[in-house]
Amino acid sequence: MLVQADDVSVAVGGITLLAPASVHARAGEVVAIRGGNGSGKTTLLRVIAGAVPATSGSVSVASAPVDQRDAAFRRRVASLIGLPPLARNLTLGEHLRLVGLSWGGSGGESYTRASELLASLDLAALASRFPHELSSGQTQLFALALTLVRPSEVVLLDEPEQRLDADRLALVRDRIRRAAAEGCAVVMATHSDWLAGEVAQRTVTLSPAHG
Amino acid sequence: MAEARLRAVRATYRARGERRAGDLGYAVYVAGFVALVAAAPAARALLLALTAPDALRALHAPQAASVTGVVAGAALAALAILGTVRGPAHYPAFVAFLVTETDLPRHLVLRRPFAVSTAVLAAGAALVSAVPVVALALGGQIAWAECLPPIAGAGAFGVVAAVVWAAGQRLGRGRAWMLSAGIAAAVGVTGVAPALLPATPWGWLALLHPTADRTESGWPLAALCVAAVAALVASRWLLAGMPGRELVQQAQRWESAASAATSGDPALALSTFRALPAVGRAWNAVATRAPLAAVFWRRDLVGAARTPVRFAGATLGLLAAGAATAAAASLPETGWVLGAAAALLAFAALGALGDGLRHAAEAFGAPQLYGLSRVSLVAHHAAFPLSAGLAIMLVGAGVAVALGSPATGLGLAASVAATVLLARVFDGAKGPLPPVLLAPIPTPVGDMSGAVVLVWQVDAVLLVAIAGAAVLAAFEGGGAPAAVVVAAGAATSILLLAVFRYRRL
């Protein structure tokens, strides 16, 4: 089991952000996390990403505790939880190549991977644009590309369908399927019934986190 | 009719709920208190420094007039650019929207904020010009009555400057840069050919500076006054053509920046005004066949070059800072003042080369994006600003040495450059305001937590100014060895502070 979260809850100052919930994901599996606004979907992803400590329960990735200070953990987990930091003076293509190189990819691999990702998300024509020249939907697709360009075993996605039209949503579906086919465990919070139905093998529905 | 409508709008706005009767009184109290506690001692210290014999000689030398002209001309060029970011016709965003969406004549609705800005600029120019001439009078170099023409002339020049400022606001980014470049070119021409100075407003101001060989006093002042009146007449046309949407956008940017600054996020406040890349999208910033260190160095170089005006400004600033540091070595008593100013200039200029450092700090707060540790990412992004900044400052210092400054100026410039560059690294990891700094600090003169927050916001700037002054002061007192020791101590301290700060992110 790549992702194993058992009875995880988060409370801050007496306020429950996430009622006890469990999520498990194997390599090559896509798990959808569903629930209403405020049910704690993003919080659960943050816990798995090691950005928020769980108040109770246990979480592990590849049988190791989640710890952002651990280089092996950082290499395993790629996440799209909010917009990643964008460099205003780099083009989209350069962003992707630089991130690829920073993970030890060769020049050729980085170039190929960046080009392939841009093409598959219908962003190839925008490769020489700067981030401020994108629409909100294009920015969302580019954020997904930045998340997927780096090597990983676990992919955490928070509402990847945001601001996308139906055609673009199909591109996201294809990329998620491909990440799973490459062996990644994908855990995805979503409000889209269609996307969850298309890609998820299992669904975890969170109960409201009141009080 | 239009004026009556405008009065009614203003009266309604003045009566809004958020204003308190005591607001103005409190503002006056704070201004008076700051003037008494901070401004007055600073002004006294400045005047004492300027009445030192070597400073008086420099202020009274014939070259001082040329410097006055160049500085005044450069200020005009800078104001034309400033107008594109924050012009003199400035309202709060909602009021700007309110008055520019109506059919009221623009020159009428913008007249009041323009008048206030003009008055502030004219008074500021007069105040700044008063500093050297009062120092000369205190030092016995000129009679007190001789102070009046240059101060009055500076006030009139301030009015002309306000209209150039408004021109920048009306013209918008592209054409304002052309105006600024035109003024800068004219200033350059008068610098090379001083005989042309009497044909320009900055030349008239230069001719009013009380140098030892001054021959003119009457007509340049009259010319400046006539120019001020003509400029005010032209301002009606400028205000009438102000683009309303741009006025609203300017006001919104300033309100966002003010909100970020007052909530303890100066980095966000400054990013509001940072230029976006305009050129060079086809330049290959990320070379895929090079060692990673070279990839990041090139990425930061190309990234900086994609905002070419900002890059050029940074280069000029670093050149000037290097030259000023080297020149400060030849001032036996007041070199530390120039050293501090040069260090501050270098710090400001280096900001344009340090976008990569800012990006690295942003990346710390987000899920892992790059396959590098924090220290490694910062080190990779620090390489370009460190190497380029050092090289450019040394070139500037080399020019100053070639023009007669002592050769030790090169070493001083390198020392100041190293501390300033490390301060940039330190500043890159600022992060959000630590909440503990907001805790009240009761003192007999009130809650001092605001002062602590202010110090936190400008800590790198303070460190840089202190380091620049200390290196030059050590050089004056103990020669090159002392300067090296102080510079090494300052650099090490700032480096440790930077390491501490990056670890806390």
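Going by the conditions given, is B:A305 more than 8 Å from chain A (Cβ to nearest Cβ) and touching a residue at least 40 places away in the same chain (Cβ under 8 Å)? The answer is no for B:A305.
Taking first residues from the range A:122-139 that are within 14 Å of chain B (Cβ to nearest Cβ) and partners that are among the small types (G, A, S), the Cβ contacts under 6 Å between residues at least 6 apart in sequence or on separate chains come to A:A127/A:G93.
Scanning the range B:463-484 for residues that are free of Cβ contacts under 8 Å to residues at least 60 places away in the same chain and surrounded by 14 or more Cβ atoms within 10 Å (Cβ to Cβ) turns up B:L463, B:A474, B:A482.
Beta carbons closer than 6 Å, at least 6 apart along the sequence or on distinct chains, pair a first residue in the range B:281-296 that is at the interface with another protein chain (Cβ under 7 Å from one of its Cβ atoms) and under 21 Å from A:P131 (Cα atoms) with a second that is part of a loop (DSSP other than H, G, I, E, B) and open to solvent by 40 Å² or more (accessible area, probe 1.4 Å) for B:R281/A:S128. Scanning the range A:76-89 for residues that are crowded, with 23+ Cβ neighbours inside 10 Å and either free of Cβ contacts under 8 Å to residues at least 12 places away in the same chain or in contact with a Lys or Arg (Cβ under 7 Å, 6 or more places away or on another chain) (or both) returns A:A78, A:N89.
Residue count for the range B:192-215 satisfying the condition of being in contact (Cβ under 8 Å) with a residue 12 or more places away in the chain and either in contact with a Leu (Cβ under 8 Å, 6 or more places away or on another chain) or farther than 16 Å from B:A74 by Cα (or both): 16. For the range B:355-373, does any single residue satisfy the condition of being among the acidic types (D, E), open to solvent by 40 Å² or more (accessible area, probe 1.4 Å), assigned to a helix (DSSP H, G or I) and closer than 30 Å to A:D70 by Cα? The answer is yes; a qualifying residue exists.
Note on the range A:90-133: residues that are closer than 21 Å to B:S376 by Cβ and either in a helix (DSSP H, G or I) or in contact with a Lys or Arg (Cβ under 6 Å, 6 or more places away or on another chain) (or both) amount to 13. Among the residues making up the range B:117-141, those that are among the β-branched types (V, I, T) and touching a residue at least 12 places away in the same chain (Cβ under 8 Å) are B:T118, B:V128, B:V131, B:V133, B:V134. Inspection of the range A:29-46 finds a residue satisfying the criterion of being within 14 Å of chain B (Cβ to nearest Cβ) and open to solvent by 40 Å² or more (accessible area, probe 1.4 Å). Taking the range A:62-116, which residues are among the polar types (S, T, N, Q) and more than 9 Å from chain B (Cβ to nearest Cβ)? The answer is A:S63, A:T112, A:S115.
Restricting B:A382, B:A402, B:A352, B:A346 to residues that are of a type in the set (G, A, S) and within 30 Å of A:L148 (Cα to Cα) narrows the list to B:A382.
Residues are listed down the side, and each one gets a yes or a no for (1) within 11 Å of chain A (Cβ to nearest Cβ); (2) in contact with a helix residue (DSSP H, G or I) (Cβ under 8 Å, 6 or more places away or on another chain); (3) of a type in the set (A, V, I, L, M):
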{"residue": "B:G317", "(1), (2), (3)": "no, yes, no"}
{"residue": "B:G335", "(1), (2), (3)": "no, yes, no"}
{"residue": "B:A352", "(1), (2), (3)": "yes, yes, yes"}
{"residue": "B:F364", "(1), (2), (3)": "yes, yes, no"}
{"residue": "B:P367", "(1), (2), (3)": "yes, yes, no"}
{"residue": "B:Y370", "(1), (2), (3)": "yes, yes, no"}
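Which residues, counting only those in the range A:148-174, are closer than 26 Å to A:G105 by Cβ, open to solvent by 10 Å² or more (accessible area, probe 1.4 Å) and not in a loop (DSSP other than H, G, I, E, B)? Listed by number, the residues that qualify are A:L148, A:D158, A:L171, A:R173, A:D174.
Checked against (1) assigned to a loop (DSSP other than H, G, I, E, B); (2) in contact with a strand residue (DSSP E or B) (Cβ under 9 Å, 6 or more places away or on another chain), A:T42 passes all but condition (1).
The values are calculated or read from the model by the stated rules, or taken from the named source; none is laboratory data. Since the model is a prediction, treat every value here as computed from it, not as a measurement. Neighbour counts are summed over all protein chains in view; Cβ atoms, including those assigned to glycine, are modelled from backbone coordinates with ideal geometry. Ligands, DNA and RNA are excluded from the accessible area calculation, which covers all protein heavy atoms including side chains. Shrake-Rupley method; radii C 1.70, N 1.55, O 1.52, S 1.80 Å.
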